[in-house]
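Peer 1: Below is a structure I'd like to ask you about.
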Amino acid sequence: MIDLHMHILPGLDDGAQSMEEAVEMAQIAAECGTEVCAATSHGRFDRQDAGEYIFRYRKALKQLQAELKRRGIGLDVRSGMELLADESLLRYAESHPLPGYGGGRFLLTEFYFDISLRQALETLDALMRKGYHIVLAHPERYDFIKRQPENAYTLYREGVILQVNAGSIAGKFGRGAFRAADHILGEGLAGLVASDAHDAFTRTPDLEETERILDLYYGIDASGILLEENPRRILEGRGLDEL
Ligand SMILES: [Fe+2]
């Protein structure tokens, strides 16, 4: 499997708190059959030290990759960042390239949970006009989609790739997110599913149960497409439209 949403780098955000925990997360991922992941630390660009943050990110990524190699853990960790899509990100993008998956044009983005559909569309549209492709993290967790899951279709129609969280499918983010995730998956609007893992204990990168649920409820091939094929296409910069 390929897990494109994981807060595995230590010391950068509310994810792994130490190298030891990051290694433990990598072990859990590898044991459940994840071969490739993206280290998607939160990226907020309202900060003055954005350049320094990116530098620290790159250093932490190299350290983790080296540590996993040293310990013989077979998880290929790629670069990425979960970018908070707001005014400050758009301003930052005026003069800097944004950190997409593997340095490419596919961005993992998130919003504040109370954003409106109109604001979300405007922000994503501005990024897409700059030539980026959007992967939207956990659409099922935003208020405007929980209230009206059909809004997910509006994003989908605009070409936004929707990434559903494994935890939402399991009901860990409440009834609203569970129902919205079910709508998105059931209507075939989901582009991929990922763990959004933050630690080795509660929000872990274990996707084994997710894989089973996807195949059981959303079609025999669902896990292959959402946990393998589509994430691979995104990493390769190919998009999903040729499916
Ligand atoms: Fe996340």
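Every number here is computed from the coordinates shown, using simple stated rules; none is lab data. What you see is a predicted model, and the numbers here were worked out from it, not measured in a lab. Heads up, the Cβs are rebuilt from the backbone with ideal geometry, glycines too, and the neighbour counts pull from every protein chain shown.
Peer 1: If I model a spin label as a point 7 Å beyond the Cα along the Cα-Cβ vector, how far apart are those points for PHE201 and ARG44 in nm?
Peer 2: So the two model labels end up 2.4 nm from each other.
Peer 1: Convert each backbone phi in segment 163-169 into a coupling constant with the Karplus relation 6.51 cos²θ - 1.76 cosθ + 1.60 (shift: θ = phi - 60°), then list the ³J(HN,Hα) values in order as whole Hz, x for Gly and Pro.
Peer 2: Couplings: 9, 8, 7, 4, x, 5, 5 Hz.
Peer 1: For LYS130, list the aspartates and glutamates whose Cα falls under 16 Å from its own Cα; do not include residues on the same chain fewer than 8 positions away.
Peer 2: ASP86, GLU87, GLU94, GLU122, GLU158
Peer 1: Would you work out the charge dipole size for the chain about its Cα centre, treating the Cβ of every Lys and Arg as +1 and the Cβ of every Asp and Glu as -1, and quote it to the nearest 20 debye?
Peer 2: Roughly 560 debye for the chain.
Peer 1: May I pose another question? For segment 98-115, just list the computed ³J(HN,Hα) in residue order, Karplus coefficients 6.51, -1.76 and 1.60, θ = phi - 60°, integers in Hz, with x standing in for Gly and Pro.
Peer 2: Along segment 98-115, the couplings run 8, x, x, 4, x, x, x, 9, 8, 9, 8, 10, 9, 10, 5, 5, 9, 4 Hz.
Peer 1: Provide the FRET efficiency to the nearest 0.05 for the ARG71-ARG118 pair, computing r from the beta carbons and using R0 = 41 Å.
Peer 2: E between ARG71 and ARG118, to the nearest 0.05, is 0.30.
Peer 1: Any number yet on Rg/Rh for segment 2-235, C-alpha, Kirkwood?
Peer 2: Rounded to two decimals, Rg/Rh equals 0.94.
Peer 1: Out of residues 5 or more away from ARG78 or on other chains, whose amide H comes under 5 Å of its own, with H placed 1.01 Å from N in the peptide plane?
Peer 2: Excluding prolines and chain starts, which carry no amide H, the hits are CYS37, ALA38, ALA39.
Peer 1: Another question, then. Quick one: order CYS37, CYS32 by neighbouring beta-carbon count within 10 Å, fewest to most.
Peer 2: CYS32, CYS37
Peer 1: Please give every one of the lysines within straight-line cross-link reach of LYS69, meaning a C-alpha to C-alpha distance under 20 Å, and leave out same-chain neighbours fewer than 8 residues apart.
Peer 2: LYS59
Peer 1: For ALA197, enumerate residues with amide H under 5 Å from its amide H, sequence gap 5+ or separate chain, H modeled in the peptide plane.
Peer 2: For ALA197, the qualifying residues are HIS7.
Peer 1: Given the C-alpha centroids of segment 11-69 and segment 103-137, what is the distance between them in whole angstrom?
Peer 2: 22 Å
Peer 1: Can you tell me which of SER95, SER223, SER168 moves the most in a GNM of the chain? Springs connect C-alpha atoms under 10 Å apart.
Peer 2: Top of the fluctuation ranking is SER95.
Peer 1: If you don't mind, another one. Name the longest site-free stretch of the chain, where the excluded sites are GluC sites (Glu not before Pro) in a DSSP loop with no more than 12 other beta-carbon atoms within 10 Å.
Peer 2: For GluC sites (Glu not before Pro) (loop position, at most 12 other Cβ atoms within 10 Å), the longest site-free span of the chain is 1-149.
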